[in-house]
Every structure is written in structure tokens, then in C-alpha cells.
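Just so you know, all these numbers are worked out from the coordinates, no wet-lab data involved. Remember, predicted model here, so these are calculated numbers, not experimental data. Here the Cβ is made from the backbone with ideal geometry for all residues, glycine too, and neighbour counts use every protein chain on show.
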Amino acid sequence: MPISDAQVGRAYPATAPYLVSREKIAEFADAVGDANPAYRGSAPIAPPTFAAVLAARAWDGLFADPELDMKLAQTIHADQSFRWTRPLRAGDEVTATLRIDKLRARGASAFVTVAVTLATTDSEAICEAVSTLLHTWPKEDA
Amino acid sequence: MSITAEVGAELPPLTLTFTREHLVRYAGASGDFNPIHWSDRSAARLGLPSVIAHGMLTMARALRIVTDWCGDPSRVRAYGVRFTKPVPVPDDDEGVEVTVTASVTAVADGVATVAITATLGGVKVLGSANAEVRLD
């Protein structure tokens, strides 16, 4: 298993800015079956867990790290929490910055806890999203 | 405008149906194309009985019990869950039903804590599921 305590605290560069659009908010609200009027109209906010869409863009850095050899298809989401400073709104340009917070090995698997900070390109804090990912490496790598 | 909450108050329950179509829509809307949510082969490789719902989809849909109650989703300032059991979704028209209940467990400093329970066939699929809601 290529992951070790040495990687705790590792931080990745912020993602490229993501522009939150009315259309994407509506698509996401439809996909989660929520007709709340706050997600519609000319100046919608995003459903709270839309933050996960942006946070997951920062996970890509984790999955692209050759030292970790982690693959999305071998990953199960174990827990998730969010703390918002304010909701995401249409028109926000948002970056996501990931750091590895905790590692707990279990055989050929590990629980990897990552914290993603979402902020606007004007450095306004929006959300802290903390996820624990249960990753299993193939047996030959164990 | 402020809303009121009393410790012990039960929120109106929700029943959520999950079909393969829901998973496809969520994959597209969220960009989460992990094959365990659309390929039975990939799910089996991780020891899962079949394709499972995105944990984030269950988490997102369960929160509606809170936002329907408080009206304005911007009141939600924190939300966390553990994904304790997968939600296997069969390839049929009926899908599976997840029952969501919730109650207010604390009110302090203008913030209500709501504990959410989501079950599939009587078994909890979310653990330690709590949301914090601004009341002011």
C-alpha cells in the first residue's frame, strides 16, 4: 500500500476556478429531486450539497498523485461533512483546495480523510468539506 | 424572519425512491462517474451486491427533510453524515425506498441541530446524520 503517514498534511494546488451557473444549479436540483424555489429564478442559490461537486474536483488532484496510486473506481465514500459560511450562488467563481488530514490503514485498504476548502476567486470563504474515502489497492500492490 | 424550533419536535417524514435513472441523472449533474454507480461488474469487484446509489445522492436527498421544514436552504450552516450501509439499486422500474425521519435535538444560540434518520428495509443507511439550521 503506497500511502503512509508521511502524506498526512500534504496539500494540493487549488483547482481552476469553477463558474457556478443557473443552469447547473437547476440541473443539480432536478437530479436530487428538489423543487425548492431558492434554486430557481434569476438569482438562485445552489443546493447545499452542490458543494460536493466542487470539492470532488479537488479530489482529482488526489487521484492524479502518482505516489498514492489511488483510483476512483476503488474508492467508497465513508463519510462527508460540510460547514458553510454562505451558500453557493449563481455567478460565483470558486476554487477548491485539498489537503490530506488523516490516514488509517486497514490491510490492503485505507481510510483517507481529506479536507477541501471552497472559496471564491475574491478569497471569500464559502465552505469546508471534509470527506473520508475508503480506498482499496489491488492485491498485487498490497 | 426567524423560525422557531423546540427540542424533540419531529419534522414531517419523507419517502425517497431510488431507481437507476436517479443514479444516472445524479452522475451527470454531479460529474461523479464512479462505475460502482452504473456498472454491476464494477460494484461486484468491490464486493457490493449490485450498483449502489451515490452516498452524496442519498445525503442530498435526505437533507430535503430539513430544507422543506425551514424553507430557506441558506439557513443550513452544517451537515454531516456517515455512509453506514450502501443503498443497492436494482435494475427495475420500482427501485428501492429510503425512509427519512428527523427531529430537533438541540437549540442554542439561534441554531437548531436536527438529527436525521434514513433507513432502507429498517436498516440505517446514514449514521451520525446531523444538520445545523440558523433560526434567526
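Within region A:19-48, take every residue that is away from every other protein chain (no Cβ under 11 Å) and under 16 Å from A:Val94 (Cα atoms) and give me the one that is farthest from the chain's Cα centre (by Cα). Here the answer is A:Arg22.
Looking only at region B:3-40, filter to residues that are among the hydrophobic types (A, V, I, L, M, F, W, C) and loosely packed, with under 14 Cβ neighbours inside 10 Å; which one of those is farthest from the other protein chains (Cβ to nearest Cβ)?
Within region B:3-40, the first condition is being among the hydrophobic types (A, V, I, L, M, F, W, C), and the residues that meet it are B:3, B:5, B:7, B:9, B:11, B:14, B:16, B:18, B:23-24, B:27, B:29, B:33, B:36, B:38.
The next check asks that each one be loosely packed, with under 14 Cβ neighbours inside 10 Å; those that pass are B:7, B:24, B:33.
Working: B:Val7: 22, B:Val24: 9, B:Phe33: 8 Å.
The selected residue is B:Val7.
Output the qualifying pairs, or none if there are none: Cβ atoms under 6 angstrom, residues six or more apart or on different chains, first residue in region B:66-90 and facing chain A (nearest Cβ under 10 Å), second residue part of a loop (DSSP other than H, G, I, E, B) and crowded, with 18+ Cβ neighbours inside 10 Å. Close Cβ pairs satisfying both conditions: B:Ser74/A:Pro87.
Of the residues making up region A:1-15, those that are in contact with a Lys or Arg (Cβ under 8 Å, 6 or more places away or on another chain) and either aromatic (Phe, Trp, Tyr) or surrounded by fewer than 17 Cβ atoms within 10 Å (Cβ to Cβ) (or both) number 5.
Just a yes or no: is a residue in region A:49-63 over 13 Å from the mean Cα position of the chain (by Cα) and buried (at least 17 other Cβ atoms within 10 Å of the Cβ)?
First pass over region A:49-63, keeping only residues over 13 Å from the mean Cα position of the chain (by Cα): none.
Within region A:49-63, none of the residues are over 13 Å from the mean Cα position of the chain (by Cα) and buried (at least 17 other Cβ atoms within 10 Å of the Cβ).
For A:Ala51, state whether it is within 14 Å of another protein chain (Cβ to nearest Cβ), touching a residue at least 60 places away in the same chain (Cβ under 8 Å), under 27 Å from B:Gly127 (Cα atoms) and touching a strand residue (DSSP E or B) at 6+ places or on another chain (Cβ under 7 Å). Yes.
Residues of region B:1-22 that are in a loop (DSSP other than H, G, I, E, B) and either closer than 29 Å to B:Ala112 by Cα or of a type in the set (Lys, Arg) (or both): B:Met1, B:Ser2, B:Ile3, B:Thr4, B:Ala5, B:Glu6, B:Val7, B:Gly8, B:Ala9, B:Leu11, B:Pro12, B:Pro13. Against the numbered list (1) within 22 Å of A:Pro37 (Cα to Cα); (2) among the aromatic types (Phe, Trp, Tyr); (3) crowded, with 22+ Cβ neighbours inside 10 Å, B:Phe83 comes up short only at (1). The set of residues in region A:81-100 that are within 14 Å of chain B (Cβ to nearest Cβ) and under 12 Å from A:Tyr12 (Cα atoms) contains only A:Ala96. Region B:23-136 holds strands (runs of 3 or more DSSP E) entirely within its bounds, and those carrying 1 or more residues that are among the polar types (S, T, N, Q) map to B:96-108, B:111-120, B:126-134.
What number of residues in region B:55-80 are surrounded by fewer than 24 Cβ atoms within 10 Å (Cβ to Cβ) and either more than 30 Å from B:Gly110 (Cα to Cα) or of a type in the set (Phe, Trp, Tyr) (or both)? Adding up the residues that qualify gives 1.
Of everything in region B:41-63 that is among the polar types (S, T, N, Q) and either within 7 Å of another protein chain (Cβ to nearest Cβ) or under 16 Å from the mean Cα position of the chain (by Cα) (or both), the residue that is nearest to A:Ala31 (Cα to Cα) is B:Thr58. Looking only at region A:59-80, residues that are among the small types (Gly, Ala, Ser) and within 7 Å of chain B (Cβ to nearest Cβ) come to 2 in all.
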